[in-house]
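Taken together, the values in this text are just the output of simple stated rules run on the coordinates, not laboratory data. None of the values given here were measured: they were computed from a predicted structure. Positions of Cβ are generated from backbone atoms using ideal geometry, with glycine treated the same way; all protein chains shown enter the neighbour counts.
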Amino acid sequence: MSHAPTNYRVNSRVATRPMAFCVWALQYFNAVQVAAPQLLDNDAVWHKFAPVFRNDFQLLDTWAPPRDPEPLPVPLSVLGGRRDKLIGEDRLLSWQAFTTHFRGLEKYEGDHFYLMNHRQPLAAAKTAAMRSALLELPFATTPPAR
């Protein structure tokens, strides 16, 4: 999960800086367990993914969240890593303001990349949450069996 829309704004302008600065930024993120170390030490990966990283930074630098958005009339579950040093529990819980039906926060063992070690439990949790949410919709019928 990420920051809720109005709870996050980056003014770093990383995307317009030289690639060396982008490398430095990702090395910093690695220090707080946000970038996988294998990415930072591999020139072939850098060559292939540098444009992707730059585009991600550009999105962060230029996107402006909407002012006072209406909560979405859909169920929303939030997932996160227990040891994530970038996205704290308070930031995860801030998603609650963007839905009329907050289904809660579920934390998994791990850091920012917690999902890498929990693929099966996450898939099961997402499937169960979607089935449950479908039943709460006004036009819902019993979801088909697996």
Placed amide H near Thr99: partners under 5 Å, 5+ positions off or other chain: Leu72
Modelled FRET efficiency - R0 41 Å, Ala44 with Leu135, Cβ distances, 0.05 increments: 0.30
Check the straight Cα-Cα distances from Lys107 and name the lysines below 24 Å, setting aside those fewer than 8 residues away within the same chain. Lys85, Lys126
Can you list the residues, at least 5 places off or on another chain, whose amide H is less than 5 Å from the amide H of Lys85, using H built in the peptide plane? His112
Using θ = phi - 60° and the Karplus curve 6.51 cos²θ - 1.76 cosθ + 1.60, what whole-Hz ³J(HN,Hα) does each residue of the range 115-127 get, with Gly and Pro shown as x? 5, 4, 9, 9, 4, 5, x, 5, 4, 5, 5, 5, 4
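So which trypsin sites (Lys or Arg not before Pro) in the range 35-120 pass both tests, a DSSP loop state and at most 10 other Cβ atoms within 10 Å of the Cβ?
Values: sites: Lys48, Arg54, Arg67, Arg82, Arg83, Lys85, Arg91, Arg103, Lys107, Arg119; in loops: Arg67, Arg82, Arg83, Lys85.
Here the sparse-neighbourhood loop sites are Arg67.
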Distance in nm between label sites at Leu72 and Lys107, each 7 Å beyond Cα in the beta-carbon direction? 2.4 nm
Counting only residues 5 or more apart in sequence or on a different chain, those whose built amide H sits under 5 Å from that of Tyr108 are Gly80, Gly81, Arg82
Near-label residues of the range 67-91 by backbone N, under 16 Å of a point 7 Å along Cα→Cβ of His118: 77-91
Note down the net charge around Leu122, summing +1 for each Lys or Arg and -1 for each Asp or Glu among other residues with Cβ under 13 Å from its Cβ. +1
Whole-Hz Karplus ³J(HN,Hα) for the range 79-84, in order, using 6.51 cos²θ - 1.76 cosθ + 1.60 and θ = phi - 60°, x for Gly and Pro? 10, x, x, 4, 10, 6
Qualifying GluC sites (Glu not before Pro) in the range 45-146, DSSP loop, other Cβ atoms within 10 Å at most 15: Glu109
With each pseudo-label sitting 7 Å past Cα toward Cβ, what's the Ala128-Asp61 distance in nm, one decimal? 4.3 nm
Note down the net charge around Asp84, summing +1 for each Lys or Arg and -1 for each Asp or Glu among other residues with Cβ under 10 Å from its Cβ. +3
